[in-house]
Amino acid sequence: MGREYELERLERLLAGRDGAALLLEGEPGIGKTTLWRHGVQRAHAAGWRVLTAQPVEAERELSYVALGDLLAPVMSEVGRLPGPQKRALRVALLLADTRGAPPEERAVAFAFASLLRLLAEDEPVLLAIDDLQWLDAPSAAVIAFAARRLDHPQLRLLAARRLGEPAIELADAQQLALAPLSGSEIGVLVRQRLETRFVAPTIEHLERVSGGNPLYALELAHEFVERGGLRPGEPLPIPQSLRALLARRLERLPPATREGLAVAAALARPTRALVEACVGAHIDLQPALDARVVRTGTDAIEFAHPLFASVLYGELEAEGRRRVHRRLAELVEDLEERAGHVAAAADEPNEPAAALLGQAAAAALARGAPTNALALARLAVELTPPESDAAVSRRLTAATLEFDAGDARLAEEALELLVADVPAADRALVLLEQARVIGELRGMDAALDIHREALASLSPDAPRLAALVNARLARALAHVGLHVEAAAHAETAVAVAERARDAAVLAESLAILAHVRYLEQGVVQTELLERAVAVAVETDVWVNNSPLFISVQQYLDQGQVEPARPLVEQLIAWTRARHDPSLALALTYEGWIELRVGNTRRALELAQEAHEVVRSAARGDHARDALALAAVGASIVGDVEQCR
């Protein structure tokens, strides 16, 4: 109704005359979803393959729910992807074993974008997403990544979002804000939907009070009809808030129906079976269907508007809400969803609840959803009793996830608080993580004293930790030029790691010893590096100070391209397989090799890919390396402006 211009914009999108992406925007009830559905129907009718998702608010704390909805019709096509991308998608969507190296969000994003391009080779594809503001964070990151790469002529994106709510930005999308309806259009809408006709003054009043919002206008009109009209001159005796109007309609439902719908409002994916299991009784949804509160009364329960669910959930008193969540935690199968219900049911620190949240955080991280893992880890910390043996480890995990998610300052603050009251037995471990964060923020010299303090805090029964502390102290000492002292600590690290029989720590310690000796002697430490690489590759364990990186650095520093090249190829394969952001640095190394052999164009391609990896990572690690390579390559080909 009254959307001729908007309908034309939908046609232009499908015809490719108005960009590759269209974003519908507006307040709740303005008609975004109605228009969005029309676009989906038009695409279906035109023979497009349409991938849809309609997230709801309760799903925001889960992982990759919207991505799963989008890909549900095409999961059989995932097998066409390369091995690492195929695994990343399947692990993220819980279709493959989550054991082993977890996929990064960036790897899932690359896989999703690649799959869209493959599908578009066969037929036109429309990616259609309603209510962007309710996307779960991992899906949002993946969709935003794909939205920047809608470069296939048969690939389009149609999305809708509510104004006033935070939502992802869609690169290069044409924005279309839905305007209010006019009084005459509201009159037609009321006549068609409610089969009644109002006089002109009443229509004008509806337009003014509703602000032209069709849902609001219909609710006002419905209330007017229920009251049997007004006496002359009597104002409309109805609430001015849409939320209050929705609540007024809900009040007319039978108590048992309202109770069931309140439970449904607490669920991400409400079904009749799950709601009835929660309340222990059959739920009659027919009154809710008749009142247009829900759209379906079969197995899946779909609210006619998200605000109905918000009102129902908001009206639950505190203890009743906790009781519902406690029961749902017993019924739902998904670990993350169950943990969310457990957290909502807790009103004080609770060790079993905190432990479950910690497990859910680990599961989310294993699925390549670090944002959700961080949210769950924070909840685990909040619900951990002060006397819990796991208090330190949970706080340390949360701080580490804060840092890896890109909020280094918050991680630093959390670690400072933790260091202040950590038990002596855990102090060295916390200080080591604090040194890593400070080193990233302000340089290795700023972290030197923290490394020394970690060494002084070591417990005699922690050989693995002792090796790590000595190795990283050695690297910090080498950074400030104290090579002799650095070598002594690196040798200690190697010896302790060998006695502890910890291959990952041994590989890191050997690499750091090779790094220190190289700085001392200026000679590539071939024997040490080869041993370190062999240990690291054999154990298939990723370490922060990778022997491969240190080997390549030494060879390139000496201008030795040939021994560096196979190591760089191995390094790229290793970081790609683990979806590690350090892939950017590995690509940059390969770019410098290509520059040295005169293949400048290839070097520029590698610099661009490295910068894409940097942009998609949580932090800006290695941005300078990629930009430096791009600048030098641009200068060689004579592109002054690009170089500048």
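Structure above, values below:
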{"quantity": "Qualifying helices (runs of 4 or more DSSP H) (wholly inside segment 369-443; at least 3 residues being within 30 Å of ALA66 (Cβ to Cβ))", "calculated": "370-383, 391-404, 408-421"}
{"quantity": "Residue match in segment 338-353 (condition: among the basic types (Lys, Arg), within 25 Å of PRO370 (Cβ to Cβ) and at pLDDT 90 or above)", "calculated": "yes"}
{"quantity": "Long-range neighbours under 9 Å by Cβ, at least six apart or interchain, first residue without any contact (Cβ under 8 Å) to a residue 60 or more places away in the chain within segment 337-366, second among the hydroxyl-bearing types (Ser, Thr, Tyr) and assigned to a helix (DSSP H, G or I)", "calculated": "GLY358/SER393; GLY358/THR397; ALA361/THR397; ALA362/THR397"}
{"quantity": "Only one of ALA268, ALA309, ALA277, ALA288 that is assigned to a helix (DSSP H, G or I) and within 22 Å of GLU165 (Cβ to Cβ)", "calculated": "ALA309"}
{"quantity": "Matching option when the condition is without any contact (Cβ under 8 Å) to a residue 24 or more places away in the chain and closer than 30 Å to PRO214 by Cβ, among LEU307, LEU289", "calculated": "LEU289"}
{"quantity": "Residue satisfying all of: in segment 48-68; over 17 Å from ALA366 (Cα atoms) and in a helix (DSSP H, G or I); most open to solvent (accessible area, probe 1.4 Å) among these", "calculated": "GLU57"}
{"quantity": "Where a residue in segment 385-405 is open to solvent by 20 Å² or more (accessible area, probe 1.4 Å) and its partner, wherever it lies, is among the small types (Gly, Ala, Ser), with Cβ under 6 Å and at least six apart", "calculated": "ARG394/GLY358; ARG394/ALA380; THR397/ALA377; ALA405/ALA618"}
{"quantity": "Residue in segment 622-637 that is modelled with pLDDT under 90, in a loop (DSSP other than H, G, I, E, B) and surrounded by 19 or more Cβ atoms within 10 Å (Cβ to Cβ) present", "calculated": "yes"}
{"quantity": "Residue among LEU22, LEU35, LEU71 that alone is over 24 Å from HIS305 (Cβ atoms) and either in contact with a helix residue (DSSP H, G or I) (Cβ under 9 Å, 6 or more places away or on another chain) or assigned to a helix (DSSP H, G or I) (or both)", "calculated": "LEU71"}
{"quantity": "Count - residues of segment 78-115 that are acidic (Asp, Glu) and surrounded by 14 or more Cβ atoms within 10 Å (Cβ to Cβ)", "calculated": "2"}
{"quantity": "Among (1) in contact with a strand residue (DSSP E or B) (Cβ under 6 Å, 6 or more places away or on another chain); (2) farther than 30 Å from THR371 by Cα - the single one ALA179 does not satisfy", "calculated": "(1)"}
{"quantity": "Set ALA454, ALA486, ALA467, ALA495: member being closer than 18 Å to ALA514 by Cβ, assigned to a helix (DSSP H, G or I) and within 38 Å of the chain's Cα centre (by Cα)", "calculated": "ALA467"}
{"quantity": "Breaking point among (1) under 28 Å from VAL188 (Cα atoms); (2) charged (D, E, K, R); (3) modelled with pLDDT of 95 or more, for ARG49", "calculated": "(1)"}
{"quantity": "Conditions (1) open to solvent by less than 60 Å² (accessible area, probe 1.4 Å); (2) over 21 Å from ARG292 (Cα atoms); number of the one not met by GLN175", "calculated": "(1)"}
{"quantity": "Leading residue by the ranking (nearest to TYR64 (Cα to Cα)) among those in segment 248-281 that are surrounded by fewer than 18 Cβ atoms within 10 Å (Cβ to Cβ) and modelled with pLDDT under 90", "calculated": "ARG269"}
{"quantity": "Selected residue (criterion: farthest from ALA428 (Cα to Cα)) from residues of segment 444-485 that are free of Cβ contacts under 8 Å to residues at least 12 places away in the same chain and open to solvent by less than 50 Å² (accessible area, probe 1.4 Å)", "calculated": "GLY481"}
{"quantity": "Which listed residue, of LEU7, LEU24, is surrounded by 17 or more Cβ atoms within 10 Å (Cβ to Cβ) and on the phi < 0 side of the Ramachandran plot", "calculated": "LEU24"}
{"quantity": "Neighbours by Cβ (under 6 Å, 6+ apart or cross-chain): first from segment 39-63, among the polar types (S, T, N, Q); second outside any helix (DSSP H, G or I) and open to solvent by less than 10 Å² (accessible area, probe 1.4 Å)", "calculated": "THR52/ALA128; GLN54/ASP130; SER63/ALA369"}
{"quantity": "First in segment 181-192 and free of Cβ contacts under 8 Å to residues at least 40 places away in the same chain, second anywhere and open to solvent by less than 40 Å² (accessible area, probe 1.4 Å), Cβ under 6 Å, 6 or more apart", "calculated": "GLY183/ILE203; ILE186/LEU206; ILE186/ALA217; GLY187/ILE203; VAL190/ALA221"}
{"quantity": "Test: residue in segment 129-146 that is at pLDDT 90 or above, under 27 Å from GLY47 (Cα atoms) and part of a strand (DSSP E or B)", "calculated": "yes"}
{"quantity": "Hey, ARG197 free of Cβ contacts under 8 Å to residues at least 12 places away in the same chain, farther than 30 Å from ALA361 by Cα and either open to solvent by 10 Å² or more (accessible area, probe 1.4 Å) or part of a helix (DSSP H, G or I) (or both) or not", "calculated": "yes"}
{"quantity": "THR371 vs. criteria among the β-branched types (Val, Ile, Thr) and either in contact with a strand residue (DSSP E or B) (Cβ under 9 Å, 6 or more places away or on another chain) or at pLDDT 90 or above (or both)", "calculated": "no"}
{"quantity": "So LEU170, is it part of a loop (DSSP other than H, G, I, E, B), modelled with pLDDT under 90 and open to solvent by less than 30 Å² (accessible area, probe 1.4 Å)", "calculated": "yes"}
{"quantity": "Single match in ARG90, ARG117, ARG149 (criterion: farther than 29 Å from GLY2 by Cβ, outside any loop (DSSP other than H, G, I, E, B), free of Cβ contacts under 8 Å to residues at least 60 places away in the same chain and within 20 Å of the chain's Cα centre (by Cα))", "calculated": "ARG90"}
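For every residue, the table says whether it meets (1) under 24 Å from VAL613 (Cβ atoms); (2) small (Gly, Ala, Ser); (3) at pLDDT below 90.
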site: VAL496; (1), (2), (3): no, no, no
site: ARG499; (1), (2), (3): no, no, no
site: ILE512; (1), (2), (3): no, no, no
site: SER546; (1), (2), (3): yes, yes, yes
site: SER551; (1), (2), (3): yes, yes, yes
site: GLN570; (1), (2), (3): yes, no, yes
site: ALA573; (1), (2), (3): yes, yes, yes
site: LEU583; (1), (2), (3): yes, no, yes
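The values are calculated or read from the model by the stated rules, or taken from the named source; none is laboratory data. No experiment lies behind these values; they were computed from the predicted model shown. Glycine gets a Cβ as well: all are built from the backbone with ideal geometry, and neighbour counts include every protein chain shown. Keep in mind that these areas ignore ligands, DNA and RNA; they rest on the heavy atoms of the full protein, side chains included. Shrake-Rupley method; radii C 1.70, N 1.55, O 1.52, S 1.80 Å.
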